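Visitor: The structure's right below; bear with me while I get my questions together.
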Amino acid sequence: MPEFAIETKGLVKHFDKVRAVDGLELKVRQGEMFSLVGPDGAGKTTTMRMLCGILEPTSGEAKILGYDLRKESEEIKKRIGYLSQRFSLYGDLSVDENIEFFAEIHEVKDYKLRREKLLEFTRLTLFRTRLGEQLSGGMKQKLALACTLIHTPEIIFLDEPTTGVDPVSRRDFWKILSDLLKTGITIVMTTPYLDEAERCSTVGLMNQGKLMVVDSPQQVKALMQDAVMELVIDQIRKGFNLLKALPEIIEVQAFGDRLNVVVKDQARDFPVIENELKRNGISILDHRVIPPSLENVFISLLKAG
């Protein structure tokens, strides 16, 4: 078994004059959870579709589970599962029937025991007779995952699997993924939620078709040179607008009753912030320096680039 589940060299995809993926160099280890994050149009979905053999690369090389992407795509497709953004369940089929349908597509003959395990695993056993169109958004994603897993793939590719799913279902879906990881499967996913990416073993920050950095979430966050301060103030909206206009402020975000403020030098810039707020009748109730989030790092890298 190769060390890397996925290995690419100089992978490129053009759409007319648009370079959607630009010289991708990527290695994903067996059994890890890898997340590709970036804004819309960064090239995440195009990368996914190439690695699954759905799109043909313009140039470059890739190996999936040791198989050549160009020459052995059919072998690769037998060993992977792909849950796309527009995964099509059949609304007029029950949960059971949907899984059966995908088992037949993948030529899985003795699928019934596997289906029972997947229904239990995704907590859908009680809903097995319910039609697909009657499921909630979170339950549809669980069913889509069960259909993706019916042929026991070695790698699953998940393209923004929790987009549009309520927070409780998102948490439940992530618990299922965490349990799935214990079986030794490799999970490769894209997500617009950077808090989700922090749960992965490795994360790749992508923009304009290029990977800016690939590392563990902890190592990526260690790249942050600026300081992040959390301020609790008594007039959030007014304070947000005031600080946004200060030249010392690199970035400011509002979270409920507090602001996250990014500055170059906390010791130098905090007195400026304090004076500006006080001058405008705003009190700082509490403040502290906090560790940067992946979102902080991503925005910092984008501005630096």
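The numbers here are math on the coordinates, done by the rules we state, and not lab data. Worth saying up front: this structure is predicted, and the values here are computed from it rather than measured. Ideal geometry is used to build each Cβ from the backbone, glycine not excepted, and the neighbour counts take in all protein chains shown.
Visitor: Using the Karplus equation 6.51 cos²θ - 1.76 cosθ + 1.60 (θ = phi - 60°), what ³J(HN,Hα) coupling, rounded to whole Hz, does each residue of segment 179-193 give in order, writing x for Gly and Pro?
Guide: Values per residue, Gly and Pro as x: 5, 5, 4, 5, 7, x, 5, 9, 10, 10, 9, 10, 8, x, 9 Hz.
Visitor: Once amide H atoms are built 1.01 Å from N in the peptide plane, which residues 5 or more positions from TYR82, or in another chain, come under 5 Å H to H?
Guide: Amide H neighbours of TYR82: PHE157.
Visitor: Mind pulling the angle between the C-alpha long axis of helix 137-149 and the longest principal axis of the chain? Nearest 10 degrees, somewhere in 0 to 90.
Guide: 50 degrees
Visitor: Using the alpha carbons of segment 227-304, what is the convex hull volume per residue in cubic angstrom, as a whole number?
Guide: About 85 Å³ per residue, rounded to a whole number.
Visitor: Stretched out fully, how many nm does the piece from VAL12 to SER178 gain, at 0.36 nm a residue minus the Cα gap?
Guide: My answer for the length gained is 56.6 nm.
Visitor: Taking amide H positions as placed in the peptide plane 1.01 Å from N, state which residues far from LYS210 in sequence (5 or more) or on other chains have amide H under 5 Å from it.
Guide: Amide H neighbours of LYS210, under 5 Å, 5+ apart: ASP22.
Visitor: Additional query: Rounded to the nearest 0.05, what FRET efficiency do ASP215 and SER136 have when you use their Cβ-Cβ distance and R0 = 30 Å?
Guide: 0.25
Visitor: Going 7 Å from the Cα of GLU248 toward and past its Cβ, which residues in segment 279-305 have a backbone nitrogen under 19 Å from where you end up?
Guide: So the set is 279-290.
Visitor: On a 0 to 90 degree scale, rounded to 10, what angle separates helix 294-304 from the longest Cα axis of the chain?
Guide: Helix 294-304 sits at roughly 70 degrees to that axis.
Visitor: Sticking with this structure for a sec: Please check the chain for the longest run free of GluC sites (Glu not before Pro) that are loop-located per DSSP (anything but H, G, I, E, B) and have at most 10 other Cβ atoms within 10 Å.
Guide: After excluding every exposed loop site, the longest remaining stretch is 108-305.
Visitor: Once phi is turned into θ = phi - 60°, what whole-Hz ³J(HN,Hα) does the Karplus curve with 6.51, -1.76 and 1.60 give for every residue of segment 159-173, x standing for Gly and Pro?
Guide: 9, 6, x, 10, 5, x, 9, 5, x, 5, 5, 4, 4, 5, 4
Visitor: Can you pick out the pairs among LYS63/LYS182; LYS13/LYS44; LYS142/LYS182; LYS221/LYS303; LYS9/LYS71 whose Cα atoms lie more than 20 Å from each other?
Guide: LYS63/LYS182
Visitor: Straight-line reach from LYS112: which aspartates and glutamates have a Cα under 12 Å away, not including same-chain ones fewer than 8 places off?
Guide: Straight-line reach from LYS112, under 12 Å: ASP96, GLU97, GLU100, GLU104.
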